[in-house]
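Below: one structure, written as C-alpha cells.
Here, each number is a calculation from the coordinates, and none is a lab measurement. Bear in mind the structure is a predicted one, so any value in this text is a computation, not a measurement. With ideal geometry, Cβ positions are generated from the backbone for all residues, glycine too; neighbour counts draw on all protein chains shown.
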C-alpha cells in the first residue's frame with residue numbers, strides 16, 4: 001500500500017487564498033498536488049499498473 005503525504009491545513013488554506021486572487025483558470029489536479037507537495041510514494045507503479 002502506498003503512503004500518502006498530505007499538506008497541512010494551513011498550507012492548503014494559504015494556497016486557496018493565493019489561488020482565489022488569481023484570474024487564470026484553475027490548474028490541473030496534478031499541478032495542485034505538486035504545488036502543495038502532496039505526493040504519493042510509488043505513484044509511477046500505480047500509473048503503470050505494475051507492468052514493466
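Would you mind calculating the gained length between residue 18 and residue 38 on full extension (0.36 nm times residue separation, minus the Cα-Cα distance), in nm to one decimal?
Contour length minus the Cα-Cα distance gives 5.5 nm.
Run the simple label-point estimate for residue 30 and residue 6 please: 7 Å along Cα→C-beta, distance reported in nm.
2.4 nm
Ranked by Cβ crowding within 10 angstrom, fewest neighbours first, how are 20, 8 ordered? Please report the intermediate quantities before stating the final value.
Working: 20 7, 8 10.
Taking fewest neighbouring Cβ atoms as first place, the list is 20, 8.
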